[in-house]
Amino acid sequence: MAIEGPLRELGIHDVFQLLDLSRKTGRLVVTSELRDNEGTVFFERGRVVAATIRSNPHRMGDVLLRSGKVSEGDIARARVAQSELGDRRRLGEILLEMGAITPKELERQVRAQIEADVFELLSWREGFFRFEEGLAGEHELGRVNISTESLLMEGARRIDEWSRIADRVPSLAAVPQLAPVQGEEAPQLDLLPFEWEVLARIDGEHDLRFIASQVDRSDFDVAKVVYGLVSTGVVELTMPVTHARVSGPRSSQRTVAPPAPMPSVEPPTNEQVDDLERGFLAVQRGDFDSAVKAWAQFLQTHPNKDWSQRVRGGLEAAARLRALLEARYGD
């Protein structure tokens with residue numbers, strides 16, 4: 001028997017708690033037309049054993065390679081075994097048998113990937129869920145099983161922390177750049193290796209989501225690092241130009257965040273502007289609901305346009321803002 005419904009009636013946290021308390025085994029699929037995204041979580045007796053999400057396409061082999069845990073030769077031999085020799089096991093399992101990676105390291109990487117996908121799902125406030133009971137195939141089950149309660153607690157902590165850092169890191173679409181040096185000497189930095197890696201990726205051209213994909217870390221982890229760099233004055237954030245240059249030629253100029261107060265704008269008619277522009281004008285008026293509707297319509301009709309990825313980032317920021325307001329004032 002399937003359990004299904006909209007997330008507005010039964011929140012994603014409640015769904016996870018229900019499956020945990022009832023010790024369910026099966027597959028949960030969560031879809032969001034607004035985000036143009038879908039996530040799948042496998043449960044075994046209420047514990048999470050695997051998870052995937054469409055917006056995080058990184059395969060385990062790529063993750064292990066970029067983290068320096070295996071070589072390109074190891075990956076090549078494992079993929080030959082899969083494709084030419086008909087080995088149906090996961091790439092990680094083959095690498096483990098080859099001795100290219102230890103069981104402990106494989107388990108750590110699998111757990112980190114599951115957690116990143118689940119934490120992304122836990123931030124969703126709209127969409128549709130469907131849970132189907134039954135055993136998942138062996139090829140779908142991971143090497144770990146994680147307490148659902150611990151995932152929910154960590155997810156809640158991350159949401160709280162997102163609200164704390166949002167004043168300095170308002171959006172994943174923000175582009176970090178090195179701040180001008182004040183005074184005669186640059187500030188002394190005491191950073192962890194991962195934090196140095198994030199800093200090295202800052203070039204004034206790419207946004208936070210792109211940087212996160214390059215360093216194979218979650219958006220949350222990268223946002224926390226950038227929050228610290230902004231707080232210490234090492235980095236400043238700029239937001240992509242929106243209304244002023246949407247219909248004009250491309251420009252490398254940016255408006256430094258936080259932006260100045262927007263002037264009052266009259267609602268446009270359907271004949272005057274398209275959905276993309278209508279969304280920007282609605283944001284200028286402070287009408288986030290209308291902006292979300294307009295941008296969602298834009299993504300449905302133009303899923304692969306130049307602005308589509310940035311619009312998705314705006315929708316995610318709006319969803320986090322709504323979650324923050326609901327947490328503070330209730331429904």
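Residue-wise test of (1) at pLDDT 75 or above; (2) touching a Ser or Thr at 6+ places or on another chain (Cβ under 9 Å).
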| residue | (1), (2) |
| --- | --- |
| Gln284 | no, yes |
| Asp287 | no, no |
| Arg312 | yes, yes |
| Arg320 | no, yes |
| Leu324 | no, yes |
| Asp331 | no, no |
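Give the range 98-118 a look and list any residue that's part of a helix (DSSP H, G or I), within 28 Å of Phe43 (Cβ to Cβ) and in contact with a helix residue (DSSP H, G or I) (Cβ under 9 Å, 6 or more places away or on another chain), or say none.
Correct list: Pro103, Glu105, Leu106, Gln109, Val110, Ala112, Gln113, Ile114, Glu115, Ala116, Val118.
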Scanning for something within 20 Å of Val215 (Cβ to Cβ), surrounded by 15 or more Cβ atoms within 10 Å (Cβ to Cβ) and at pLDDT 85 or above, does the range 52-64 turn up at least one residue?
-> yes
Just name the residue that is farthest from the chain's Cα centre (by Cα) out of those in the range 5-49 that are surrounded by fewer than 14 Cβ atoms within 10 Å (Cβ to Cβ) and in contact (Cβ under 8 Å) with a residue 40 or more places away in the chain.
-> Gly5
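Yes/no matrix, rows are residues, columns are (1) at pLDDT 85 or above; (2) within 25 Å of the chain's Cα centre (by Cα); (3) among the aromatic types (Phe, Trp, Tyr):
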| position | (1), (2), (3) |
| --- | --- |
| Asp87 | no, no, no |
| Glu93 | no, no, no |
| Gly99 | yes, no, no |
| Ser123 | no, yes, no |
| Phe129 | yes, yes, yes |
| Arg143 | no, yes, no |
| Thr148 | yes, yes, no |
| Glu154 | yes, yes, no |
| Arg157 | yes, yes, no |
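Test Gln188 against the criterion of being within 14 Å of Val235 (Cα to Cα), assigned to a loop (DSSP other than H, G, I, E, B) and without any contact (Cβ under 8 Å) to a residue 40 or more places away in the chain, and give yes or no.
Answer is yes for this residue.
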Residues of the range 87-97 satisfying the condition of being hydrophobic (A, V, I, L, M, F, W, C) and in a loop (DSSP other than H, G, I, E, B) = none
Sole exception among (1) without any contact (Cβ under 8 Å) to a residue 24 or more places away in the chain; (2) touching a helix residue (DSSP H, G or I) at 6+ places or on another chain (Cβ under 9 Å); (3) exposed (fewer than 13 other Cβ atoms within 10 Å of the Cβ) for Ser71, by number | (1)
Taking the range 123-137 and the residues there that are surrounded by fewer than 20 Cβ atoms within 10 Å (Cβ to Cβ) and among the hydrophobic types (A, V, I, L, M, F, W, C), the one that is nearest to Pro6 (Cα to Cα) would be Phe128
Mind telling me which of the residues Arg217, Arg209 ends up being assigned to a loop (DSSP other than H, G, I, E, B), buried (at least 17 other Cβ atoms within 10 Å of the Cβ), modelled with pLDDT of 55 or more and outside the structural domain of Leu65 (by TED's automatic domain parsing)?
-> Arg217
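The values are calculated or read from the model by the stated rules, or taken from the named source; none is laboratory data. Bear in mind that the values here come from a model prediction, so they are computed numbers and not experimental data. Cβ atoms come from the backbone with ideal geometry, glycine included; neighbour counts cover every protein chain shown.
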